[in-house]
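Student: Below are the structure tokens for one structure; questions will follow.
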Amino acid sequence: MSNVVPTASVTFSRPIGNMEAYFPALSDSLGGSADREHWIVFLALKLSFPPSIVDPVPYLKRAWQALQVQHPALGAILSPSGASDLKAQSTVSAISYEPEAWANISFSCRDERDAATLFSSLRPTATATCYWLSKSSEVVLRTSHWRVDGVGMTKLGHRFLATLADVVKLGADAALDTYAAQPPAYPPIGPSLETLIRGSKPPILSASKEDPVLAAAADALVGEFLRGVPSIGLPTRANSYDSLPGSSSRVAITLDETATGKVTATCRERKLKVTSAVHAAIVRATAKFPQHPLSKSYAAFVPVDLRRPLASTVGPETRDDPRVTGLYFSGLPVCIEDVLGTDGKAPKDFETISRELDAVYSRDLLEFWKPEGHTGSAIGFLDLIETYLQRTTALLSATLPEGLPPLQTPDLSSLGKMDAFLQNNYGVGDGAKVKVVDCWLGTETLNRGVQFHTWGWKGKMTLSACFNNSFYEEAFVVDVLGKAIEELLAGCDVHKP
């Protein structure tokens, strides 16, 4: 697989968006010089093919070629000018590829024993990539986060598998535009999030000057996060403060159907989101480790999928606007004050933390914020997203003030039920099926925090943790993961057999 991309055949370009600029800038600040990239998204799909498919490689390769035709952003590249202000000068450009040229630079068969091993062995690539691991029967889709968010990656996995099923049915020599009946997107790279919103409603977003109401709302949101800074965190390897980030690893625990059902039922009875309970368990597990004297609260940004409010604002998803590739999420601030307990108070319990987190996860994004004394309708989260993104990207890219401990806060990203995006199997004709035996999603990470992901699949809940090997030992993260699961089960009154 080559890392060289032809740059002479650019077919479409547009200015980079705030979120798209944030990811490469963050990678640079965290150690991109070490040839690593922060938050590369990695989707692993363990497949079972019908007996008639002796060698799946030609079908997988053809499906990957067709997927790029359907979603040209997979081959898009960033074109920085070299200026210090990445957003001011950079563009996102679509490239025209011949099918074989695309496969040569982005598709390969690997000898690693499984996707978890591959996860720790890869370096950044210029385009999205696809890997086939015959030893574990896993196909992996991998891309820089500025192209695709987590929900988009699972949707992309479905598109790939649907296309693969068509390739098996129609043959690997059929025309690329006949598979999955999905025409190429136009424009080949969708608009940035802020451009998409600005081009719809409200007119206030098109004003050249910052609106004071939106500015006040954005400042208030950022203030919610800052109340908890410096946040509690997980201890890193000794003497690792000046270490460059190395490879990433991931570990996971999957609850069986019985335990998953009990956790879900308890949350339903308490009118809590399962994500709130899982996040509370992570906070509780973290709080039991020694902390810096200044760290007494938990502060983080929780990712929220914006596809639903976007559908209400700019219209439902269509073939021309699939909202698969692209960044359609943002982060809401969460601050659990005084988690550790001070002035003789006991540390906050699972129920209290869950309720406080649930208040954030349950916020109405359509009627999100109403200024004090404001007589009009509430402001939607999308209304202030551009102003808010400007502040959060600046905040998260800023140098840490002297005297504060390094950021080691564990984060959680919830994907909900994977079954909502991925089918258990895909028919290939005559009753035969390509079956999805298992799946998982992870993000390579360069920072000093552990990135947790949770999702449901076939009635079972998984909690996984991705981390950088320069800052954490696998045995330690496995222990933290186990402690978080124990907190979850105890907090939901689920007792081990």
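Student: Once amide H atoms are built 1.01 Å from N in the peptide plane, which residues 5 or more positions from SER413, or in another chain, come under 5 Å H to H?
Tutor: Distant-sequence amide H within range of SER413: PHE452, HIS453, THR454.
Student: Given the peptides 486-493, 257-264, 423-430, arrange them by the average over their residues of other C-beta atoms within 10 Å, most packed first.
Tutor: 486-493, 257-264, 423-430
Student: Moving to a separate point now. At 0.36 nm per residue, and after removing the present C-alpha to C-alpha distance, how many nm does the segment from GLN423 to SER96 gain when stretched out fully?
Tutor: Stretched out fully, the GLN423 to SER96 stretch lengthens by 114.6 nm.
Student: Go through region 378-452 and name the GluC sites (Glu not before Pro) that are in a DSSP coil and have 13 or fewer other Cβ atoms within 10 Å of their Cβ. Each step should come with its number before you reach the end.
Tutor: Values: sites: GLU386, GLU402, GLU444; in loops: GLU402, GLU444.
In loop regions of region 378-452 (DSSP not H, G, I, E or B), the sparsely surrounded GluC sites (Glu not before Pro) are GLU402.
Student: Follow-up. Under the rule of at least 5 residues apart or a separate chain, name every residue whose amide H is placed under 5 Å from the amide H of CYS439.
Tutor: Close amide H contacts, sequence-distant or interchain: LYS46.
Student: Further, regarding this structure: Are any of the pairs LYS155/LYS370; LYS155/LYS273; LYS169/LYS460; LYS155/LYS433; LYS46/LYS169; LYS288/LYS345 more than 25 Å apart by Cα-Cα distance, and if so, which?
Tutor: In this structure, LYS155/LYS370; LYS169/LYS460 exceed 25 Å between Cα atoms.
Student: Per-residue HN-Hα couplings for region 294-310, Karplus 6.51 cos²θ - 1.76 cosθ + 1.60 at θ = phi - 60°, whole Hz, x for Gly and Pro?
Tutor: So the Karplus estimates, Gly and Pro as x, are 7, 8, 10, 10, 10, 9, 7, 10, 9, x, 10, 6, 9, 5, 5, x, 5 Hz.
Student: I need the phi-derived Karplus couplings for region 57-74: 6.51 cos²θ - 1.76 cosθ + 1.60, θ = phi - 60°, integer Hz, Gly and Pro marked x.
Tutor: 4, x, 6, 5, 4, 5, 5, 5, 4, 5, 5, 5, 5, 5, 10, x, 4, 4
Student: I'd like to compare 306-312, 337-343: which one has the highest average count of other Cβ atoms within 10 Å, and what's the full order after that?
Tutor: In decreasing order of mean packing, 306-312, 337-343 become 306-312, 337-343.
Student: Using per-residue counts of other Cβ atoms within 10 Å, averaged over each peptide, order 64-77, 350-363 from highest down. Before the final figure, lay out each step's value.
Tutor: On the way: 64-77: 24.4, 350-363: 17.9.
Final packing ranking: 64-77, 350-363.
Student: Share of antiparallel DSSP beta bridges in the chain, in percent to the nearest 5?
Tutor: Rounded to the nearest five, the antiparallel share is 85 percent.
Student: Non-local amide H neighbours of TRP39 (under 5 Å, H modeled in plane, Pro and chain starts lacking H): which ones?
Tutor: Amide H neighbours of TRP39: GLU444, THR445, LEU446.
Student: Just from its helices, what would the mean residue ellipticity at 222 nm be for the chain, if runs of 4 or more DSSP H residues each count -39500 (n - 2.57) and the sum is divided by every residue, rounded to the nearest 500 deg cm²/dmol?
Tutor: -10500 deg cm²/dmol
Student: Once Kirkwood radius over Cα pairs in Å is worked out from the coordinates, which option in (1) 22.8; (2) 23.7; (3) 25.4 does it equal?
Tutor: Label (2) holds the value from this structure.
Student: Determine the sum of side-chain charges near LEU327: Lys and Arg each +1, Asp and Glu each -1, restricted to other residues whose C-beta is under 9 angstrom from that of LEU327.
Tutor: Here the charged neighbours net out to -1.
Student: Size of the dipole of region 112-176 about the Cα centre, Lys and Arg at +1 and Asp and Glu at -1 on the beta carbon, nothing else charged, in debye to 20? Walk me through the intermediate numbers first.
Tutor: Details: 8 positive and 6 negative charges, 25 e Å.
With only Lys, Arg, Asp and Glu charged at Cβ, the dipole is about 120 debye.
Student: Report the charge-dipole magnitude of the chain in Debye, nearest 20, computed about the Cα centre from +1 at each Lys and Arg Cβ and -1 at each Asp and Glu Cβ.
Tutor: Around 680 debye, computed over the chain.
Student: Quick check: from the Cα gyration tensor, does region 368-497 come out rounded (a/c under 1.5), prolate or oblate?
Tutor: Taking the square roots of the gyration eigenvalues as a ≥ b ≥ c, region 368-497 is oblate.
Student: So what's the convex hull volume per residue for the Cα atoms of region 419-494, in Å³?
Tutor: 128 Å³
Student: Using a 1.4 Å probe on the protein heavy atoms, what percent of the accessible area of the chain belongs to carbon and sulfur?
Tutor: 52 percent
Student: Can you tell me the accessible area per residue over the chain, all protein chains present, probe 1.4 angstrom, in square angstrom?
Tutor: 43 Å²
Student: How do HIS279, HIS495 stack up against each other in accessible area, from largest to smallest, with a 1.4 angstrom probe?
Tutor: Result, largest first: HIS495, HIS279.
Student: Length gain on complete extension for the stretch GLU367 to ARG307, per 0.36 nm per residue less the alpha carbon to alpha carbon distance?
Tutor: 20.1 nm
The values are calculated or read from the model by the stated rules, or taken from the named source; none is laboratory data. From a predicted model like this one, the values you see are computed outputs, not experimental measurements. Every residue, glycine as well, gets a Cβ built from its backbone with ideal geometry; the counts of neighbours run over all protein chains shown. Quick note on the areas: whole protein, heavy atoms, side chains included, nothing else; ligands and nucleic acids left out. Shrake-Rupley method; radii C 1.70, N 1.55, O 1.52, S 1.80 Å.
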